[in-house]
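Beneath this line is the structure, given in structure tokens, with notes to follow.
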Amino acid sequence: MPGLRVDRVSKAFRGSPAAGAGRNGGETGRRDLRVLHEISFAVQPEQIVGIIGPSGCGKTTLLKILAGLETADAGAATLNGSAVTRPRPDIAIVFQLFNLFPWRTVLGNVEFGLQMQRVPAPERRERAARLVAMVGLAGFERYFPHQLSGGMQQRVGLARALAIDPALLLLDEPFGALDYQTAERLREELLKIQSQAAKMMVLVTHNIDEALYLCDRVLVFSPRPGRVTLEIEPRFPQPRWAHDIYAVPEFTRLRAEIKALVMGAEA
Amino acid sequence: MSDQPGAVPASGRPAAGHHEIEAARPRWASGIRRPGGRPLIPAAAWLPTAGSLLVFLAVWQILSRFYPPILLPGPAATFGALWDLFARDNLARAFATSIQSLLIGLGLAIPTGIVLGFLAGVSRPVERAIGPFLDALYVTPKIMLIPLFIIWFGVGTEARIAYIFVVSYFPLVVNTFAGVRSMRDEFTETARAFLAGPLEMFRDVYLPGSIPFIVAGIRLALGHAIVGMITAEMFLAIVGLGYMVVNFGNRLATAKVLALAIFVSLFGVAVTELVKWSEHRLAPWTRRDTSS
């Protein structure tokens, strides 16, 4: 069955000292830190699902579980019929701080995933070059990351993830480290890319506007341990980038609803 | 750094509609390639160095007026002596002898030191096992080992090589270790997410990430090795440059001893520059904007 199914995923960090409320008190030993509690949702093909919630609600941990970088204590994530237990060639991730390899050029970074999958050099060069051009960096193939602005670095991060042609693209606050205008432009381009590439995406963010603007469905998480407390399917005029979504009354209403939930939970 | 779309026409330049791309263009990227543009080394970089050299020579010249040449020969006499060393005393052959053990000693220390540093970097047990020995090696004056080396290796080439190996080993291990340990989790995690196996993790992450540290280790090791080379030649079988120093020292040929010191330091500066240059080639991503 196509799509991503997340089925009652729970996760706790063993004996985390941060959770040790009674470290110096009467309690003995350290306590487990429960970060995710029975998370369930599904992502259909071509859908972008957003996860929003207060800091520390386990959203990044969930994303790492979906990437196969962490394992769930209970429950499972299933992509296109097979369980995600380790990193897979059909799952790619974009990181908040880009995580580009400083010793590789733009092209080398974009090639990385293909190289790990043993794609022959001429083919992976060609594919990487195409992706570099797609994210608007043609001409910068031989630059090193430190020579690029944050926005350009994240374009490389996006190209690196898309280069392996993943079935599922995971985005961990991808525009959180960028200035407003740059982030806004990249959001627009992500939607344009999506209109062509039609990937399944899971976007973790703490930016309510971003979640509403980009996602077909938004899940609002409670504070730790994270649970899904609200599920929203925003319906806005398409294509979204061609309209001033932020001015749509529905947008304002949904934003207020989410904000009350997130802020209320944090207070 | 501004929104001047027409300001920098350069090859391979995308016709970008992205302002962030315009803004981020590093200044040196156009500067280095521009033919007939900025000089390779700006005056601000070499003027202070040249100035201090001139002052040094001047002070030396003035001081030498007050002392007999046997105590302090002037710059001219010293550089004349350096010429004599080449022309009459066969400095080149002594140098070749010295270089030989230097190269062999370093040639053994560099690969083994890097391997051990890597092992210690990736494995806590190895780190704990070799830690005390490294600390001991670091704090022990290596010259104390010379009598031992004589007992073990005699006074010939083997003993000199062993001594150079020992003095240059420490910085190689420690720098490689630091390079591996400095590898940030985000890079290994990213590599893992993109399916890097153990081989790729080593070849494509740890190795390139450690190169700047390893090169720094080689530079330090070279310095130690040159010192060790001369020390060994003065205290073991007296050969090479060390022989010349002892010989001319005994004959109170002050200018020649000074000239030898200058020769060795020039050699040291030259190889250090060579290593720095090779670092730029091996690790171009560490190059920073030089225009500021």
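List of remarks:
- Looking across region A:90-113, the residues that are at the interface with chain B (Cβ under 8 Å from one of its Cβ atoms) and part of a helix (DSSP H, G or I) come down to A:Phe112, A:Gly113.
- Evaluation of A:Gly136 against (1) touching a helix residue (DSSP H, G or I) at 6+ places or on another chain (Cβ under 6 Å); (2) of a type outside the set (A, V, I, L, M); (3) touching a residue at least 40 places away in the same chain (Cβ under 8 Å) (one fails), failing number: (1)
- Count - residues of region A:24-54 that are exposed (fewer than 13 other Cβ atoms within 10 Å of the Cβ) and modelled with pLDDT under 80: 6
- Whenever a residue of region B:110-125 is closer than 11 Å to B:Leu172 by Cβ and touching a residue at least 40 places away in the same chain (Cβ under 8 Å), it has no partner that is among the small types (Gly, Ala, Ser) and surrounded by fewer than 21 Cβ atoms within 10 Å (Cβ to Cβ) lying with C-beta atoms less than 6 angstrom away and at least six residues away or across chains.
- So A:Leu168, is it buried (at least 18 other Cβ atoms within 10 Å of the Cβ), under 26 Å from A:Val49 (Cβ atoms), hydrophobic (A, V, I, L, M, F, W, C) and touching a residue at least 60 places away in the same chain (Cβ under 8 Å): yes
- Within region B:175-188, the set of residues being away from chain A (no Cβ under 12 Å), buried (at least 20 other Cβ atoms within 10 Å of the Cβ) and not aliphatic (A, V, I, L, M) comprises B:Asn175, B:Thr176, B:Phe177.
- Residue check, B:Leu199 surrounded by fewer than 19 Cβ atoms within 10 Å (Cβ to Cβ), outside any helix (DSSP H, G or I) and of a type outside the set (Phe, Trp, Tyr): no
- Conditions (1) part of a helix (DSSP H, G or I); (2) modelled with pLDDT under 95; (3) within 14 Å of chain A (Cβ to nearest Cβ): number failed by B:Ala191: (2)
- Residue check, A:Thr85 modelled with pLDDT under 90, loosely packed, with under 15 Cβ neighbours inside 10 Å and polar (S, T, N, Q): no
- Residues that are in contact with a helix residue (DSSP H, G or I) (Cβ under 8 Å, 6 or more places away or on another chain), in a helix (DSSP H, G or I) and of a type in the set (D, E, K, R) within region B:80-133 comprise B:Asp84, B:Glu127, listed in sequence order.
- Residue in region A:253-265 that is in contact (Cβ under 8 Å) with a residue 40 or more places away in the chain and assigned to a loop (DSSP other than H, G, I, E, B) present: no
- In summary, B:Ala162 fulfils each of the numbered conditions (1) crowded, with 16+ Cβ neighbours inside 10 Å; (2) within 14 Å of chain A (Cβ to nearest Cβ); (3) assigned to a helix (DSSP H, G or I) with the single exception of condition (2).
- When we screen B:Thr78, B:Thr49, B:Thr140, B:Thr97 for residues that are loosely packed, with under 11 Cβ neighbours inside 10 Å, over 30 Å from B:Asp185 (Cα atoms) and among the hydroxyl-bearing types (Ser, Thr, Tyr), the only hit is B:Thr49.
- When residues in region B:175-200 are screened for being of a type in the set (A, V, I, L, M), in contact (Cβ under 8 Å) with a residue 12 or more places away in the chain and closer than 26 Å to A:Leu168 by Cβ, 1 of them pass.
- When B:Leu220, B:Leu172 are screened for being surrounded by 20 or more Cβ atoms within 10 Å (Cβ to Cβ), touching a residue at least 12 places away in the same chain (Cβ under 8 Å) and either over 23 Å from the mean Cα position of the chain (by Cα) or part of a helix (DSSP H, G or I) (or both), only B:Leu172 passes.
- Residue match in region A:119-142 (condition: of a type in the set (Phe, Trp, Tyr) and within 30 Å of A:Ala42 (Cα to Cα)): no
- Selection from region A:119-155 of residues that are under 19 Å from A:Thr182 (Cα atoms), assigned to a loop (DSSP other than H, G, I, E, B) and at the interface with chain B (Cβ under 9 Å from one of its Cβ atoms): A:Gly136, A:Leu137, A:Ala138, A:Phe140, A:Leu148, A:Ser149
- Subset of region A:248-267 that is out of contact with any Ser or Thr (no Cβ under 7 Å at 6 or more places or on another chain) and surrounded by 15 or more Cβ atoms within 10 Å (Cβ to Cβ) - its residue that is modelled with the lowest pLDDT: A:Val262
This table checks each residue for (1) out of contact with any Cys (no Cβ under 8 Å at 6 or more places or on another chain); (2) at pLDDT 50 or above; (3) farther than 21 Å from B:Phe263 by Cβ; (4) within 14 Å of chain A (Cβ to nearest Cβ).
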site: B:His19; (1), (2), (3), (4): yes, no, yes, yes
site: B:Ile32; (1), (2), (3), (4): yes, no, yes, yes
site: B:Leu40; (1), (2), (3), (4): yes, yes, yes, no
site: B:Ala50; (1), (2), (3), (4): yes, yes, no, no
site: B:Val55; (1), (2), (3), (4): yes, yes, yes, no
site: B:Tyr67; (1), (2), (3), (4): yes, yes, yes, no
site: B:Ala81; (1), (2), (3), (4): yes, yes, no, no
site: B:Ala92; (1), (2), (3), (4): yes, yes, no, no
site: B:Ala96; (1), (2), (3), (4): yes, yes, no, no
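- Scanning region A:156-169 for residues that are at the interface with chain B (Cβ under 10 Å from one of its Cβ atoms) and within 13 Å of A:Thr105 (Cα to Cα) yields A:Gly157, A:Arg160.
- Here is the figure for region A:175-195: residues that are facing chain B (nearest Cβ under 9 Å), buried (at least 19 other Cβ atoms within 10 Å of the Cβ) and not in a helix (DSSP H, G or I) total 1.
- A:Leu162 being closer than 22 Å to A:Ala77 by Cβ and in a helix (DSSP H, G or I): yes
- Filter pass, A:Lys199 being away from chain B (no Cβ under 14 Å) and among the basic types (Lys, Arg): yes
The values are calculated or read from the model by the stated rules, or taken from the named source; none is laboratory data. Small disclaimer: the values here were computed from a predicted structure and weren't measured. A quick note on method: Cβ atoms are made from the backbone with ideal geometry, for glycine too, and the neighbour counts reach across all protein chains shown.
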